[in-house]
Amino acid sequence: MKKILLIILPVILIAMVAVYEIANASTQIKKGGLMDKKILVAYFSWSGNTKSIAEKIHNQVGGDIFRIEPVTPYPEDYNETAYGVAKEQKDKGIHPPIKNTDVSSYDVIFVGTPAWWYTMAPPVMTFLAENNFEGKTIVPFVTHGGGGGYTIDKDMAEIAKGSRVLAPFVVYGKGGSSADMDLTNWINKL
């Protein structure tokens, strides 16, 4: 019985610390003034990685959540999407049409994208180019398959003129078992 307690007790303590940290992130956001602003979590996700991170952010900061969707969906085949359509769009500077979006009523917009060809996904470029971000705060988050975040935050600032772009959250895939804690720490630093 003592052995079981010695195994279970550390697990319970770790879970309690994680819950405290997530609750503390929400408190920090309130203290930092983000909660009195209208928040949008907008993201594009092809594989589901960016969607997973977007949902975790939304759970911590609240506000609204919106999926950036191209009018013409990308192919389901990875190679066809990555080495075909997405590469061509990047090389030719194509911003594919997206379904209607409007950020005019939001103050803080978390913008999520996978890293594709050393920058953000083309639908995210369209989202940034088609909206007025003057005076708004953009909080980038980037998922990648091994290349990192590149200069995506700077690329966002270049497209979304007049906005304030904060330090990005950059994560490999879905972030693994530490994703919630890593997000909490990043949000606390905003």
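The values are calculated or read from the model by the stated rules, or taken from the named source; none is laboratory data. Given the structure is predicted, the values throughout are model-derived calculations rather than measurements. Cβ: placed from backbone, ideal geometry, glycine included. Neighbour counts: every protein chain shown. Only protein heavy atoms, including side chains, enter the accessible area calculation; ligands, DNA and RNA are left aside. Shrake-Rupley method; radii C 1.70, N 1.55, O 1.52, S 1.80 Å.
Once you charge only the Cβ atoms, +1 for Lys and Arg and -1 for Asp and Glu, what is the size of the charge dipole of segment 71-119 about its Cα centre, to the nearest 20 debye?
140 debye
May I ask which of 38/87; 37/92; 37/161; 37/90; 87/189 have a Cα-Cα span longer than 32 Å here?
Those over the limit are 38/87; 37/92; 37/90; 87/189.
With the crude spin-label approximation of a point 7 Å out along Cα→Cβ, what separation in nm comes out for residue 177 versus residue 59?
Going from the residue 177 label point to the residue 59 one covers 1.6 nm.
Run the dipole for segment 101-184 about the Cα centre, Lys and Arg Cβ at +1, Asp and Glu Cβ at -1, nothing else charged, and hand back the magnitude in debye, nearest 20.
Computed about the Cα centre, the dipole is about 120 debye.
By the gyration tensor of its Cα atoms, with a ≥ b ≥ c the square roots of the eigenvalues, what is the shape of segment 102-190: rounded for a/c under 1.5, prolate for a/b over b/c, or oblate?
It comes out oblate by the Cα gyration axes.
Testing the spin-label approximation: label points 7 Å from Cα along Cα→Cβ at residue 167 and residue 80. State their distance in nm.
Result: 4.2 nm between the two label points.
What does the accessible area per residue of segment 100-190 come to in Å², with a 1.4 Å probe and no ligands, DNA or RNA counted?
Working: 3930 Å² over 91 residues.
For segment 100-190, the per-residue accessible area is 43 Å².
State whether segment 141-190 is rounded, prolate or oblate according to the following rule on the C-alpha gyration tensor (a ≥ b ≥ c being the square roots of its eigenvalues): a/c under 1.5 gives rounded; otherwise a/b larger than b/c gives prolate, and the remaining case gives oblate.
Oblate.
Between residue 63 and residues 5 or more places away or on another chain, which pairs have amide H atoms under 5 Å apart, with H built 1.01 Å from N, and which residues are they?
Counting only residues 5 or more places away or on other chains, the set is empty.
Can you work out ³J(HN,Hα) from phi for every residue in segment 113-124, in order, using Karplus 6.51 cos²θ - 1.76 cosθ + 1.60 and θ = phi - 60°, giving whole Hz and x for Gly and Pro?
8, x, 7, 10, 6, 6, 7, 6, 5, x, x, 6
When the Karplus curve 6.51 cos²θ - 1.76 cosθ + 1.60 is applied with θ = phi - 60°, which whole-Hz ³J(HN,Hα) does each residue of segment 171-176 get, with x for Gly and Pro?
3J(HN,Hα) across segment 171-176, in whole Hz: 9, 7, x, 9, x, x.
Just the number, please: carbon plus sulfur as a percent of the accessible area of segment 113-166, 1.4 Å probe, no ligands or DNA/RNA counted.
Carbon and sulfur together cover 48 percent of it.
In terms of Cα to Cα distance under 12 Å, which aspartates and glutamates are near enough to residue 136, apart from those fewer than 8 places away along the same chain?
Output for residue 136: 107.
How would you rank 121-129, 80-88, highest first, on the average number of other Cβ atoms within 10 Å across their residues?
On the way: 121-129: 24.6, 80-88: 14.9.
Output ranking for 121-129, 80-88: 121-129, 80-88.
Could you give the length gained on full extension between residue 158 and residue 37, defined as 0.36 nm per residue of separation minus the Cα-Cα distance, in nm?
41.2 nm
Mind listing the long-range amide H neighbours of residue 38? Cut-off is under 5 Å, sequence gap 5 or more, other chains count too, H placed in the peptide plane at 1.01 Å from N.
Counting only residues 5 or more places away or on other chains, the set is 107, 108.
Under 5 Å between amide H atoms, partner at least 5 residues away or on a different chain: which partners does residue 165 have, H built in plane at 1.01 Å?
138
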